[in-house]
Amino acid sequence: AQSVAQPEDQVNVAEGNPLTVKCTYSVSGNPYLFWYVQYPNRGLQFLLKYITGDNLVKGSYGFEAEFNKSQTSFHLKKPSALVSDSALYFCAVRDIDGSARQLTFGSGTQLTVLP
Amino acid sequence: NAGVTQTPKFQVLKTGQSMTLQCAQDMNHEYMSWYRQDPGMGLRLIHYSVGAGITDQGEVPNGYNVSRSTTEDFPLRLLSAAPSQTSVYFCASSYRRDSNSPLHFGNGTRLTVT
(Lines give C-alpha, C1' and ligand atoms only; values in the text may rest on other atoms or scores of the structure.)
Protein backbone atom coordinates (compact mmCIF):
# COMPACT_ATOMS: atom_id res chain seq x y z
CA ALA A 1 0.00 0.00 0.00
CA GLN A 2 1.10 3.55 -0.63
CA SER A 3 1.03 6.27 2.00
CA VAL A 4 2.12 9.83 2.63
CA ALA A 5 3.03 11.51 5.91
CA GLN A 6 3.20 15.21 6.58
CA PRO A 7 4.56 15.27 10.11
CA GLU A 8 3.78 18.94 10.84
CA ASP A 9 0.20 20.17 11.03
CA GLN A 10 1.41 23.77 11.27
CA VAL A 11 4.56 25.58 10.15
CA ASN A 12 5.21 29.22 11.03
CA VAL A 13 7.96 31.24 9.38
CA ALA A 14 8.86 34.91 9.24
CA GLU A 15 8.58 36.73 5.94
CA GLY A 16 11.88 36.68 4.06
CA ASN A 17 13.12 33.55 5.81
CA PRO A 18 13.46 30.20 4.03
CA LEU A 19 10.62 27.74 4.48
CA THR A 20 10.42 23.96 4.44
CA VAL A 21 7.29 21.81 4.48
CA LYS A 22 8.08 18.16 5.10
CA CYS A 23 6.74 15.08 3.32
CA THR A 24 7.71 11.43 3.51
CA TYR A 25 6.18 8.65 1.49
CA SER A 26 5.93 4.88 1.28
CA VAL A 27 5.50 2.93 -1.96
CA SER A 28 6.42 -0.55 -3.09
CA GLY A 29 7.74 0.62 -6.45
CA ASN A 30 8.75 3.96 -7.91
CA PRO A 31 6.83 7.11 -7.00
CA TYR A 32 5.25 9.99 -8.79
CA LEU A 33 5.22 12.80 -6.20
CA PHE A 34 3.20 16.00 -6.20
CA TRP A 35 2.73 19.14 -4.14
CA TYR A 36 -0.54 21.04 -4.14
CA VAL A 37 -1.55 24.30 -2.41
CA GLN A 38 -4.99 25.26 -1.16
CA TYR A 39 -6.02 28.83 -0.45
CA PRO A 40 -9.11 29.50 1.71
CA ASN A 41 -12.41 28.48 0.11
CA ARG A 42 -10.65 27.25 -3.03
CA GLY A 43 -9.76 23.94 -4.59
CA LEU A 44 -6.25 22.55 -4.62
CA GLN A 45 -3.78 23.99 -7.12
CA PHE A 46 -0.84 22.08 -8.56
CA LEU A 47 2.61 23.39 -7.54
CA LEU A 48 5.15 20.87 -8.80
CA LYS A 49 5.82 17.20 -9.43
CA TYR A 50 8.64 14.67 -9.46
CA ILE A 51 8.51 12.01 -12.14
CA THR A 52 12.10 11.03 -12.83
CA GLY A 53 15.48 12.60 -13.42
CA ASP A 54 16.83 15.57 -11.51
CA ASN A 55 16.14 15.26 -7.79
CA LEU A 56 15.55 19.02 -7.43
CA VAL A 57 12.25 20.02 -8.97
CA LYS A 58 11.25 23.64 -9.53
CA GLY A 59 7.62 24.71 -9.60
CA SER A 60 5.25 27.63 -9.47
CA TYR A 61 5.66 30.77 -7.33
CA GLY A 62 9.35 30.12 -6.60
CA PHE A 63 8.76 26.80 -4.83
CA GLU A 64 11.02 23.81 -5.26
CA ALA A 65 11.18 20.30 -3.82
CA GLU A 66 13.95 17.79 -3.37
CA PHE A 67 13.38 14.11 -3.97
CA ASN A 68 15.48 11.93 -1.67
CA LYS A 69 15.04 8.25 -2.47
CA SER A 70 17.11 6.92 0.43
CA GLN A 71 15.10 8.93 2.95
CA THR A 72 11.82 8.52 1.00
CA SER A 73 11.22 12.24 1.34
CA PHE A 74 9.97 15.03 -0.90
CA HIS A 75 10.24 18.25 1.14
CA LEU A 76 8.86 21.49 -0.26
CA LYS A 77 11.12 24.52 -0.01
CA LYS A 78 11.29 28.20 -0.83
CA PRO A 79 14.33 30.42 -0.25
CA SER A 80 12.39 33.50 0.88
CA ALA A 81 8.83 33.25 2.19
CA LEU A 82 6.09 35.75 1.38
CA VAL A 83 3.00 36.51 3.45
CA SER A 84 0.98 35.48 0.39
CA ASP A 85 2.46 31.95 0.66
CA SER A 86 0.28 31.37 3.72
CA ALA A 87 -1.97 28.45 2.76
CA LEU A 88 -2.59 24.73 3.26
CA TYR A 89 -0.08 22.48 1.49
CA PHE A 90 -0.64 18.87 0.48
CA CYS A 91 1.85 16.25 -0.61
CA ALA A 92 0.59 13.36 -2.75
CA VAL A 93 2.07 10.12 -4.12
CA ARG A 94 1.23 7.55 -6.75
CA ASP A 95 3.05 4.23 -6.91
CA ILE A 96 3.61 3.80 -10.64
CA ASP A 97 4.54 0.13 -10.25
CA GLY A 98 1.99 -0.98 -7.67
CA SER A 99 -1.62 -2.06 -7.79
CA ALA A 100 -2.98 1.16 -6.26
CA ARG A 101 -3.76 3.32 -9.25
CA GLN A 102 -4.86 6.47 -7.43
CA LEU A 103 -3.18 9.40 -5.79
CA THR A 104 -2.84 9.28 -2.02
CA PHE A 105 -2.77 12.63 -0.24
CA GLY A 106 -1.16 13.58 3.03
CA SER A 107 -3.16 15.24 5.78
CA GLY A 108 -1.90 18.71 4.92
CA THR A 109 0.37 21.31 6.53
CA GLN A 110 -0.88 24.79 7.32
CA LEU A 111 1.85 27.30 6.48
CA THR A 112 1.66 30.73 8.08
CA VAL A 113 4.13 33.40 7.02
CA LEU A 114 4.35 36.16 9.61
CA PRO A 115 5.00 39.74 8.47
CA ASN B 1 -11.67 28.48 -20.13
CA ALA B 2 -13.63 27.46 -17.02
CA GLY B 3 -11.68 24.31 -16.00
CA VAL B 4 -13.61 22.31 -13.39
CA THR B 5 -16.93 23.78 -12.28
CA GLN B 6 -18.79 22.58 -9.20
CA THR B 7 -22.29 23.50 -8.09
CA PRO B 8 -23.64 24.37 -5.61
CA LYS B 9 -20.98 26.07 -3.49
CA PHE B 10 -22.90 25.54 -0.26
CA GLN B 11 -25.69 23.16 0.73
CA VAL B 12 -27.51 22.31 3.95
CA LEU B 13 -29.45 19.05 4.10
CA LYS B 14 -31.49 17.31 6.73
CA THR B 15 -30.74 13.71 7.61
CA GLY B 16 -32.31 11.38 5.09
CA GLN B 17 -32.57 13.89 2.26
CA SER B 18 -30.95 13.21 -1.09
CA MET B 19 -29.14 15.54 -3.45
CA THR B 20 -26.76 15.67 -6.39
CA LEU B 21 -23.49 17.58 -6.48
CA GLN B 22 -22.69 18.68 -10.00
CA CYS B 23 -19.26 18.65 -11.64
CA ALA B 24 -18.35 19.64 -15.19
CA GLN B 25 -15.01 20.05 -16.95
CA ASP B 26 -14.25 21.59 -20.33
CA MET B 27 -10.71 20.24 -20.82
CA ASN B 28 -11.69 16.95 -22.49
CA HIS B 29 -10.13 15.01 -19.59
CA GLU B 30 -10.66 11.27 -19.50
CA TYR B 31 -10.25 10.94 -15.75
CA MET B 32 -12.62 12.50 -13.20
CA SER B 33 -12.89 11.93 -9.49
CA TRP B 34 -14.63 13.00 -6.30
CA TYR B 35 -12.85 13.64 -3.01
CA ARG B 36 -14.03 14.65 0.40
CA GLN B 37 -11.88 16.83 2.64
CA ASP B 38 -12.16 16.57 6.39
CA PRO B 39 -9.94 18.33 8.96
CA GLY B 40 -6.73 16.43 9.69
CA MET B 41 -7.55 13.70 7.18
CA GLY B 42 -6.44 15.19 3.91
CA LEU B 43 -8.42 14.23 0.84
CA ARG B 44 -10.09 10.86 0.53
CA LEU B 45 -11.22 9.43 -2.79
CA ILE B 46 -14.93 8.62 -3.03
CA HIS B 47 -15.47 7.52 -6.65
CA TYR B 48 -13.68 7.96 -9.92
CA SER B 49 -14.16 7.48 -13.66
CA VAL B 50 -11.65 6.76 -16.39
CA GLY B 51 -14.05 7.60 -19.20
CA ALA B 52 -17.69 7.92 -20.19
CA GLY B 53 -19.68 4.91 -19.01
CA ILE B 54 -16.94 3.71 -16.63
CA THR B 55 -16.96 4.33 -12.89
CA ASP B 56 -15.31 2.69 -9.90
CA GLN B 57 -15.15 3.00 -6.14
CA GLY B 58 -12.46 4.79 -4.22
CA GLU B 59 -11.51 4.68 -0.57
CA VAL B 60 -14.83 5.86 0.95
CA PRO B 61 -17.69 5.09 -1.48
CA ASN B 62 -20.48 4.13 0.94
CA GLY B 63 -23.52 6.39 0.76
CA TYR B 64 -22.57 7.88 -2.60
CA ASN B 65 -23.38 7.06 -6.22
CA VAL B 66 -21.88 8.37 -9.45
CA SER B 67 -22.48 8.10 -13.17
CA ARG B 68 -20.55 9.30 -16.22
CA SER B 69 -22.80 9.60 -19.26
CA THR B 70 -20.59 12.19 -20.97
CA THR B 71 -16.90 13.08 -20.89
CA GLU B 72 -17.71 16.48 -19.42
CA ASP B 73 -20.01 15.67 -16.49
CA PHE B 74 -19.54 13.58 -13.35
CA PRO B 75 -22.33 14.11 -10.78
CA LEU B 76 -22.13 12.76 -7.23
CA ARG B 77 -25.37 11.62 -5.61
CA LEU B 78 -26.01 11.37 -1.90
CA LEU B 79 -28.78 8.83 -1.53
CA SER B 80 -29.81 9.44 2.08
CA ALA B 81 -27.72 12.11 3.76
CA ALA B 82 -26.17 11.45 7.16
CA PRO B 83 -24.35 13.84 9.54
CA SER B 84 -21.13 11.89 8.85
CA GLN B 85 -21.30 13.19 5.28
CA THR B 86 -20.81 16.76 6.46
CA SER B 87 -17.66 17.71 4.59
CA VAL B 88 -16.18 19.71 1.74
CA TYR B 89 -16.43 17.88 -1.57
CA PHE B 90 -14.03 18.39 -4.44
CA CYS B 91 -14.27 17.24 -8.01
CA ALA B 92 -10.98 16.80 -9.87
CA SER B 93 -9.97 15.79 -13.37
CA SER B 94 -6.84 14.96 -15.31
CA TYR B 95 -5.85 13.87 -18.78
CA ARG B 96 -5.58 10.18 -17.84
CA ARG B 97 -5.58 8.27 -14.58
CA ASP B 98 -2.18 6.67 -15.08
CA SER B 99 -0.46 9.71 -16.47
CA ASN B 100 1.75 12.02 -14.47
CA SER B 101 -0.41 14.98 -15.41
CA PRO B 102 -1.67 16.82 -12.33
CA LEU B 103 -5.23 16.92 -11.11
CA HIS B 104 -7.34 20.02 -11.78
CA PHE B 105 -9.71 20.77 -8.92
CA GLY B 106 -12.99 22.61 -8.69
CA ASN B 107 -13.58 25.12 -5.89
CA GLY B 108 -15.57 22.68 -3.80
CA THR B 109 -19.04 22.21 -2.33
CA ARG B 110 -19.40 22.72 1.41
CA LEU B 111 -22.12 20.34 2.63
CA THR B 112 -23.69 20.38 6.07
CA VAL B 113 -26.07 17.60 7.14
CA THR B 114 -28.15 18.33 10.24
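Numbers at a glance
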| item | result |
| --- | --- |
| Isotropic mean projected area of the C-alpha convex hull, chain A (nm²) | 6.8 nm² |
| Carbon/sulfur fraction of accessible area - chain A, other protein chains in place, 1.4 Å, % | 49 percent |
| Cα-projected label distance for A:ILE51 with A:SER28, points at 7 Å along beta-carbon direction, nm | 2.5 nm |
| Convex hull per residue volume in Å³, alpha carbons only, for segment B:34-84 | 79 Å³ |
| Summed buried accessible surface, chains B and A, 1.4 Å probe, nearest 100 Å² | 1700 Å² |
| Virtual spin-label span in nm between A:LEU88 and B:ALA2, 7 Å along Cα→Cβ | 2.5 nm |
| Nearby aspartates and glutamates by direct alpha-carbon distance to A:LYS78 (threshold 20 angstrom, same-chain neighbours under 8 apart not counted) | A:GLU8, A:ASP9, A:GLU15, A:ASP54, A:GLU64, A:GLU66 |
| Phi to ³J(HN,Hα) by Karplus 6.51 cos²θ - 1.76 cosθ + 1.60 over segment B:39-45, Hz, x for Gly, Pro | x, x, 10, x, 10, 10, 6 |
| Gain in span if fully extended, B:THR112 to B:SER18, counting 0.36 nm per residue against the direct Cα distance | 32.6 nm |
| Average accessible surface area per residue within segment A:1-79, 1.4 Å rolling probe, Å² | 51 Å² |
| Segment B:12-103, accessible surface, carbon-and-sulfur percent (1.4 angstrom probe) | 48 percent |
| In sequence order, calculated HN-Hα J values of segment B:26-36 (Karplus, 6.51, -1.76, 1.60; Hz; x Gly/Pro) | 10, 9, 6, 7, 6, 9, 9, 8, 10, 10, 10 |
| For B:100-113, mean number of other protein chain Cβ atoms within 10 Å | 4 |
| Simple label model, 7 Å out from Cα along Cβ direction - B:ASP56 to B:MET41, nm | 2.3 nm |
| Reach of A:LYS69 by Cα under 18 Å, taken over lysines that are not fewer than 8 positions away in the same chain | A:LYS22, A:LYS49, A:LYS58, A:LYS77 |
| In Å², nearest 10: area of A:GLU64 left accessible to a 1.4 Å probe | 40 Å² |
| Angstrom value of the Kirkwood radius, inverse mean 1/r, which spans all Cα pairs in segment B:55-110 | 13.0 Å |
| Net charge of neighbours whose Cβ lies under 9 Å from the Cβ of B:ARG44, counting Lys and Arg as +1 and Asp and Glu as -1 | -1 |
| Test item: A:39-46 mean partner chain Cβ contacts at 10 Å | 6 |
| Cα extents of the protein assembly as shown along the three principal axes, largest first (Å) | 49, 40, 34 |
| Order of exposure, largest accessible area first, which applies to B:SER80, A:SER60 with probe 1.4 Å | B:SER80, A:SER60 |
| Whole-angstrom Cα spans of chain B along principal axes, big to small | 38, 30, 27 |
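The values are calculated or read from the model by the stated rules, or taken from the named source; none is laboratory data. For clarity, every value in this text was computed on a predicted model and none was experimentally measured. Note: ideal-geometry Cβ built from the backbone for every residue, glycine included; neighbour counts use all protein chains shown. Keep in mind that these areas ignore ligands, DNA and RNA; they rest on the heavy atoms of the full protein, side chains included. Shrake-Rupley method; radii C 1.70, N 1.55, O 1.52, S 1.80 Å.
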